[in-house]
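Working notes, beginning with the structure itself.
The values are calculated or read from the model by the stated rules, or taken from the named source; none is laboratory data. Everything numeric in this text was worked out from a predicted model, so none of it was measured. Quick reminder, even Gly has a Cβ in these numbers, built from the backbone with ideal geometry, and neighbours come from all protein chains shown.
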Amino acid sequence: MASIPLKSRDSLPPRRGIIFILSAPSGAGKTTIWRAALKAIAGLEFSVSLTTRAPREGEADGIDYSFVSEEEFKRRQSSGELAEWARVFESFYGTPRAPLDAAIASGRDILLDIDIQGARQIRAIYPGDSVAVFVLPPSFAELEGRLRGRATEEESKIQHRLRKARDEAQAYPEYDYLIVNAEVDESVAQLETIVDAERLKVGRLRGEFAPWKS
């Protein structure tokens, strides 16, 4: 499936940018989806979150996350630079506010990979400019298999993630859209459909449709 052709988009009046929120329990495949979506969906940018945890294998500073000290994180938090923040396990995560404000003002669309607590904060600050998408695996058994398949954590941490996943899954009714991630390509196509539909909403336009202006 292709995104809205550039020629068609260019004929529309300017619009406000959109914050697309992607949330999911650990192991649902959210990271795989957004990485593929950034390549497949034209004009979609990624919001790089701050975190105090150490980089994992394959992660790059400034691309996957901006890795900062706890002291620096708390400084930005207290100065109002973060649109949302949360403590997850033993680390802090947060979203810088300035890039979001700039994207909305300039008509650019930005994708956030954040948890439920963060999504609630973003939606409270940007109620008309955010769209929330929740991702679930086809079943709890599938989720457990994915977590165990990583073979990177001890059993106690896996059990903690599984308990947390059951709780987090109950939050999907708070979101605008639900994607059941059975196949990554299909999930990316569904996200692309959501992005295209939201870009065409009349309520986001800043002016009149020029060909019909008298």
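Condition test on Asp61, is it of a type in the set (D, E, K, R) and surrounded by 15 or more Cβ atoms within 10 Å (Cβ to Cβ)? No: the conditions fail for Asp61.
Of all residues in the range 157-197, those satisfying the criterion of being among the acidic types (Asp, Glu) and either farther than 20 Å from Leu112 by Cβ or surrounded by 17 or more Cβ atoms within 10 Å (Cβ to Cβ) (or both) are Asp167, Glu168, Glu183, Asp185, Glu186, Glu192.
When Glu90, Glu72, Glu154 are checked against the criterion of being in contact with a Leu (Cβ under 9 Å, 6 or more places away or on another chain), surrounded by fewer than 17 Cβ atoms within 10 Å (Cβ to Cβ) and either among the hydrophobic types (A, V, I, L, M, F, W, C) or over 17 Å from Gly17 (Cβ atoms) (or both), Glu72 stands alone in meeting it.
Restricting attention to the range 75-87, the residues that are farther than 21 Å from Ile33 by Cβ and either under 19 Å from the mean Cα position of the chain (by Cα) or surrounded by 11 or more Cβ atoms within 10 Å (Cβ to Cβ) (or both) total 8.
Of the residues examined, Thr193 is not one that is hydroxyl-bearing (Ser, Thr, Tyr) and at pLDDT below 90.
Of the helices (runs of 4 or more DSSP H) lying entirely inside the range 75-188, the ones with 2 or more residues being free of Cβ contacts under 8 Å to residues at least 24 places away in the same chain are found at 97-106, 140-150, 155-169.
Being at pLDDT 90 or above, in contact with a Ser or Thr (Cβ under 7 Å, 6 or more places away or on another chain) and among the charged types (D, E, K, R) holds for only one residue in Glu84, Glu45, and it is Glu84. Among the residues making up the range 17-40, those that are crowded, with 21+ Cβ neighbours inside 10 Å and β-branched (Val, Ile, Thr) are Ile18, Ile19, Ile21, Ile33. The listed residues are Ala119, Ala165, Ala141, and the only one of them that is at pLDDT 90 or above and not polar (S, T, N, Q) turns out to be Ala119.
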